[in-house]
Amino acid sequence: MCNKGTLSPGKVTVTHEKGTFFIAIRDVPARVCDHCGHYFLAAPIALRVESAVKQAMTNGVDVEVMRLQAA
Ligand SMILES: [Zn+2]
């Protein structure tokens with residue numbers, strides 16, 4: 001946290017990389033710093049992102065770009 005910006009509601013793209021696996025999840029609701037772009041996910045959102053990552057890894061994909069599904 002840069003302590004210079006203000007956190008506003010917005011949408012971010014969360015990326016996750018592990019070895020040859022890469023996933024980008026778009027349209028993830030978050031609170032975004034208007035100064036440095038750092039973002040914070042609410043706990044339920046973070047859980048959904050985590051399960052989407054696990055699902056993609058289970059499916060054995062190398063690269064996945066997706067949107068976060070509505071709850
Ligand atoms: Zn910041």
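Express the relative contact order of the chain as a whole percentage, based on alpha carbon pairs under 8 Å and six or more residues apart in sequence. Please report the intermediate quantities before stating the final value.
Working: 107 pairs, mean separation 24.0, N = 71.
Here the relative contact order equals 34 percent.
To the nearest whole percent, what portion of all C-alpha pairs in the chain is separated by more than 14 angstrom? Intermediate values should be presented prior to the final figure.
Numbers: 1467 of 2485 pairs.
The proportion of pairs with Cα distances above 14 Å equals 59 percent.
Taking Cα centre as origin and charging only the Cβ of basic (Lys, Arg, +1) and acidic (Asp, Glu, -1) residues, the dipole magnitude of the chain rounds to 180 debye. Rolling a 1.4 Å probe over the protein heavy atoms gives the chain an accessible area of 69 Å² per residue.
By the rule of a second cysteine Cβ within less than 4.7 angstrom, the chain holds isolated cysteines at 33.
Projecting label points 7 angstrom from Cα along Cα→Cβ for residue 3 and residue 34 puts them 2.1 nm apart. For residue 54, a cut-off of 27 angstrom between C-alpha atoms picks up these lysines, skipping any fewer than 8 places away in its own chain: 11, 18.
Of the residues 49, 30, 14, the one whose Cα sits farthest towards the positive end of the charge dipole of segment 14-56 is 49 (charges of +1 on Lys and Arg Cβ, -1 on Asp and Glu Cβ, taken about the Cα centre).
The values are calculated or read from the model by the stated rules, or taken from the named source; none is laboratory data. All values derive from a computational prediction rather than experimental measurement. Heads up, the Cβs are rebuilt from the backbone with ideal geometry, glycines too, and the neighbour counts pull from every protein chain shown. Heads up: the accessible areas ignore ligands, DNA and RNA and are worked out on the full protein's heavy atoms, side chains in. Shrake-Rupley method; radii C 1.70, N 1.55, O 1.52, S 1.80 Å.
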